[in-house]
Number of protein chains: 2
Amino acid sequence: MQKPAVVLLSGGLDSATTAAIGRSMGFRLYALSVDYGQRHRFELAAAARVAKALGVARHLVLHTDLAQLGGSALTTDLAVPKDRPMQAGGTHGMAAGIPVTYVPARNTVLLALALAYAETVAAADIFVGVNAVDYSGYPDCRPEFIRAFAQLANLATKAGVEGTHRYAIHTPLIGLSKAEIIRRGAQLGVDFGLTHSCYDPADDGVACGRCDACRLRRQGFAEAGRVDPIPYV
Amino acid sequence: MQKPAVVLLSGGLDSATTAAIGRSMGFRLYALSVDYGQRHRFELAAAARVAKALGVARHLVLHTDLAQLGGSALTTDLAVPKDRPMQAGGTHGMAAGIPVTYVPARNTVLLALALAYAETVAAADIFVGVNAVDYSGYPDCRPEFIRAFAQLANLATKAGVEGTHRYAIHTPLIGLSKAEIIRRGAQLGVDFGLTHSCYDPADDGVACGRCDACRLRRQGFAEAGRVDPIPYV
């Protein structure tokens with residue numbers, strides 16, 4: 001019997017690669033996508049395609065209306081920034097500052113829901129595709145945040161209290177560049193044509209090519225020397 | 001200008017008293033109730049009544065379907081235990097073990113949503129009515145869990161990273177008995193007739209009187225020497 005693991009699946013290439021890594025480690029995957037009112041909801045359709053291609057045991061979509069809170073360009077009609085400069089000097093990621101696409105406490109909410117799911121399927125392992133290299137500067141993608149969450153998980157839960165198991169939060173991408181993630185995903189057979197990254201797609205779901213997510217993705221494929229199979233506006 | 005604070009408001013007497021304490025400390029209250037598919041949904045109506053009576057700045061009800069996860073008598077058709085013994089020897093709370101009314105990772109999810117709300121209203125203070133004395137034995141009501149969440153909050157958020165403020169998780173009831181909570185609430189003018197505690201009410205919302213929540217409540221009123229204004233089946 002394979003050990004169960006919960007994986008947060010957004011439909012982007014990072015989470016698809018993370019799920020493929022979890023599968024390659026021998027876990028039976030319970031995928032969780034969260035419909036939080038994001039305007040790039042095409043990613044939920046992408047998550048379903050990726051979950052199917054990976055042969056997960058179950059794909060759960062939970063609705064949590066963070067859009068009611070406001071405060072982010074991803075959940076309101078604030079403009080999504082386009083053509084932001086990358087960091088200078090050969091480093092990765094976007095230029096300084098936390099952008100308006102930051103969704104308040106998003107990863108805390110997503111991991112809390114993943115923990116609830118993990119408890120109900122008796123999984124001690126949670127996979128999340130956060131990345132602290134080619135990222136947009138969100139606070140809740142950093143290793144110290146992940147460590148604090150693992151500590152919380154063991155205090156928050158029945159298993160943590162009864163000592164049956166300790167939770168591990170796996171972040172296999174946290175130290176990789178986007179190009180390295182793409183190479184790793186390709187090795188594991190991830191079909192990037194199924195994934196969706198854009199924060200601000202056209203009405204038919206086609207990626208804008210200019211938001212942070214598109215720019216990081218395109219630069220990643222270029223650096224990896226591979227062709228991005230999805231179309232852009 | 002009063003400082004803003006988020007308060008988790010379930011509609012029970014603990015959260016009503018917690019909110020009244022927050023108000024008495026001079027905070028402008030942003031109340032948050034979560035519709036997580038609980039079967040005792042009468043508490044959401046109670047939360048609205050309490051919010052109105054307290055004059056909160058805003059009462060937000062967020063839908064998060066934890067019932068889809070299963071795993072708890074509060075969100076599925078598992079039977080809610082009745083007439084469970086209290087702890088022996090003059091100590092408070094229910095007898096040993098985490099009961100089936102435990103909702104997986106519930107307080108982690110609730111606090112994560114409260115943190116998201118706090119970020120959007122620029123509140124550094126979050127009030128939650130957890131109690132580690134007269135409680136049902138849930139792991140996520142303990143002081144060490146609350147401390148771990150505060151630590152997480154400061155790593156998870158824009159404010160925590162940019163150093164504009166540090167989050168405080170206020171748990172004014174954590175060391176009080178139910179009788180002490182009732183006395184404190186009464187001093188602050190809480191109308192307990194507006195509150196709802198039962199895990200398994202009749203179809204018309206009338207409390208069963210026999211689940212853990214009802215038993216703790218009734219014993220609390222008895223010990224406080226006060227009359228519980230709500231009806232029971």
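Read the figures in this text as sums done on the coordinates, not as results from a lab. Keep in mind that what you see is a predicted model, and the values were worked out from it rather than measured. Cβ coordinates were reconstructed from backbone atoms using ideal geometry, including for glycine residues, and neighbour counts include every protein chain displayed.
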**Prompt:** Over the range B:137-233, what number does the Rg to Rh ratio reach, with both radii from the alpha-carbon atoms and Rh per Kirkwood?
**Reply:** 1.11
**Asked** Using modelled amide H (1.01 Å from N, peptide plane; none on Pro or chain starts), what sits under 5 Å from the amide H of A:Val61, excluding residues fewer than 5 places away?
**Response** A:Ser33
**Prompt:** If we hang a label 7 Å off Cα along the beta carbon direction at A:Met1, how far is it from the matching labels on the other copies, in nm, shortest first?
**Reply:** 5.7
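Only Lys, Arg, Asp and Glu count, each charged at its Cβ (+1, +1, -1, -1), so figure out the dipole size of the range A:168-233 about its Cα centre, rounded to 20 debye.
With only Lys, Arg, Asp and Glu charged at Cβ, the dipole is about 280 debye.
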**Prompt:** Just from the alpha-carbon atoms, what are the Rg and Dmax of the range A:1-61 in angstroms?
**Reply:** 11.0, 39
**Message:** Using a label point 7 Å beyond Cα on the Cα-Cβ vector, give me the inter-copy distances for B:Asp204 in nanometres, one decimal, shortest first.
**Reply:** 5.9
**Asked** Measuring from centroid to centroid over Cα atoms, what is the spacing of the range B:12-59 and the range B:126-167 in Å?
**Response** 18
**Message:** Please report, for A:Gly189, the nm distances (one decimal) from its label point, 7 Å out from Cα along the beta-carbon direction, to the equivalent points in the remaining copies, shortest first.
**Reply:** 6.8
**Asked** Within straight cross-link reach of B:Lys52, meaning Cα distance under 30 Å, which lysines are found once same-chain residues fewer than 8 apart are removed?
**Response** B:Lys3, B:Lys178
**Prompt:** Roughly how many nanometres apart are two label points built 7 Å out from the Cα toward the Cβ at A:Arg226 and B:Val206?
**Reply:** 6.5
**Asked** For B:Tyr117, A:Tyr138, what's the fewest-to-most ordering of other Cβ within 10 Å of each Cβ?
**Response** A:Tyr138, B:Tyr117
**Message:** List the residues, sorted by chain then number, that are 5 or more residues from B:Val7 or on another chain and whose placed amide H is less than 5 Å from its amide H.
**Reply:** B:Tyr30, B:Ala31, B:Leu32, B:Phe127
**In order through the range A:200-208: 3J(HN,Hα) via Karplus (6.51 cos²θ - 1.76 cosθ + 1.60), integer Hz, x for Gly, Pro** = 8, x, 5, 4, 8, x, 6, 5, 6
**Karplus 3J(HN,Hα) series, Hz, for the range B:156-171 with 6.51 cos²θ - 1.76 cosθ + 1.60 (x for Gly, Pro)** = 7, 10, 4, 5, x, 6, 7, x, 6, 7, 10, 7, 10, 9, 8, 10
**Complete:** HN-Hα couplings for the range A:189-197 via Karplus (6.51, -1.76, 1.60; θ = phi - 60°), in whole Hz with x for Gly/Pro, come out as x, 5, 8, 5, x, 7, 8, 9, 10
